[in-house]
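To start, the structure under review is shown below, and the notes come after it.
The values are calculated or read from the model by the stated rules, or taken from the named source; none is laboratory data. Nothing here was measured: the structure is a model prediction, and the numbers come from that model. We place every Cβ from the backbone using ideal geometry, glycine too, and count neighbours over all the protein chains shown. Surface accessibility is based on the protein's heavy atoms, side chains included, excluding ligands, DNA and RNA. Shrake-Rupley method; radii C 1.70, N 1.55, O 1.52, S 1.80 Å.
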Amino acid sequence: MPSHDAPSTARAASAPASCAPATAIGDAARSRGIQRATLVAVATNATLTVGQLVIGLFAGAFSLVADAAHTLSDLVTDLLVLVAGRHSADPADTNHPYGHGRIETVTTLVLGAVLAAVGVGFLWSSGVRLQNMSGLPALHPAALVMALLTLAAKEGLFRFTLSAARRLRAPMLEANAWHARSDAASSLVVAVGIGGSLAGYPFLEPLAAAVVGFLILHMGLRLGLKSVRELIDTGLPEEELERLRETIRQTPGVIGLHEMRTRRMADRVLCDAHVQVDPRLTVSEGHRVSDTVYLRVRSAHPEVRDVLVHIDPEDDGDLQAVPPGPLPGRSEIVDHMRELLGPGIAEPRRIQLHYLGQRVEVEIILPFSPDATELEALRARRLAWLAGQPHYRNIRIFVEVAP
């Protein structure tokens, strides 16, 4: 006759590398993509810094010199992204068993703080300039040309970096892209200010700076808040959770799902779930269901990097009955069953236990059937045992027909 064991332990489902979704970007390739995009930003910002500084000093445009200092700060953050992008792809180790993806998260948080600080700086600077309109110097037209070239370069860098960030699913790179957009906005402020000053309207520069300052501050706070939510393990939105639940529920062998949790780590999603299966599946079949859940989730949701599957024989969240006390372990139960069978019945082939409903169900498989007298006495002992043992819900006795 068939035998059944109920698996009830948690396991981290794992699969060979060949089972990874074909659409997912490998860590090494993703890291190289982030580094290439960042190197383009480094080269662009280094060139613009030198150009803005030289032209600004030549044309007497102190706003252009200030923008050169701003671009220099971007160069520093680009180098920070370059280092983070390289180390975030490092494989998991003893101290970082989930990998190094949080390096990207922290870097995104730092960049968000820089954006917020730049926005506050623009607001402060625009207020000071509005109060000292008479102190603005006369400018050379070369400053306007440099400001426009800077604006075009920063806008192009923003679009290039943002495209790479979305292709690589790199929030850190996206933060750096928006940082480039803030630089383009600051260059626009400089261009408008210089143009307005040359046209006789010097108030346009501080006014535009105030508007852009608010936009940059909002952008920095938004990116910073996103990073903080990731650092405190905020789960996925409900619509994404429902798609994950549906994938798991449709897996063959799954009859229920509860206590599913998710969290982000850079571009990755980590998930764990309690999956309910038939309570009398064997351990190996429950293990197979767990592997199937893992592979189906990874295939349907490439952003999910790891799935921890806990196999449950019942929905433990719905159990309301008060347990009779600590349930006996296997060795104690086996001794009890041998005592129940008595000396006249052969040693059982197998004793299977099912811990269900906070009680124990026992299945005993005998190598051959006892004679009629022994069988009747066994039935009587079984009923008496169940009446006096609240830990036991049922005891079933089977005979093996074919070994």
Residue hits (the stretch 325-374; assigned to a loop (DSSP other than H, G, I, E, B) and without any contact (Cβ under 8 Å) to a residue 12 or more places away in the chain) are PRO326, GLY329, PRO343, ASP371
With the condition kept exactly as written, say whether any residue in the stretch 154-161 is open to solvent by 30 Å² or more (accessible area, probe 1.4 Å) and over 27 Å from THR107 (Cβ atoms). no
Do you know which of the residues in the stretch 247-281 that are of a type in the set (Gly, Ala, Ser) and either open to solvent by 10 Å² or more (accessible area, probe 1.4 Å) or not in a strand (DSSP E or B) (or both) is farthest from HIS310 (Cα to Cα)? ALA266
Between a first residue in the stretch 157-175 that is of a type in the set (Ser, Thr, Tyr) and a second residue that is assigned to a helix (DSSP H, G or I), which pairs have beta carbons less than 7 Å apart while being 6 or more apart in sequence or on different chains? THR161/ALA37; THR161/ALA41; THR161/LEU173; THR161/ASN176; THR161/ALA177; THR161/ALA180
Of residues in the stretch 194-235 being modelled with pLDDT of 75 or more and charged (D, E, K, R), the one farthest from MET260 (Cα to Cα): ARG222
Subset of the stretch 179-197 (residues that are in contact (Cβ under 8 Å) with a residue 60 or more places away in the chain and in contact with a Leu (Cβ under 7 Å, 6 or more places away or on another chain)): HIS179, ALA180, SER182, SER187, VAL190, GLY193, ILE194, SER197
Look at VAL145 and say whether it is within 21 Å of GLY51 (Cα to Cα) and modelled with pLDDT of 85 or more. yes
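Taking the stated definitions as given, is GLU339 surrounded by fewer than 18 Cβ atoms within 10 Å (Cβ to Cβ) and either under 16 Å from GLN389 (Cα atoms) or modelled with pLDDT of 90 or more (or both)? Spell out the reasoning first.
Working: surrounded by fewer than 18 Cβ atoms within 10 Å (Cβ to Cβ): yes; either under 16 Å from GLN389 (Cα atoms) or modelled with pLDDT of 90 or more (or both): yes.
Judged against the criteria, GLU339 is a match.
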Quick count over the stretch 303-334, residues being at pLDDT 80 or above, open to solvent by less than 70 Å² (accessible area, probe 1.4 Å) and under 30 Å from ARG167 (Cβ atoms), is 3
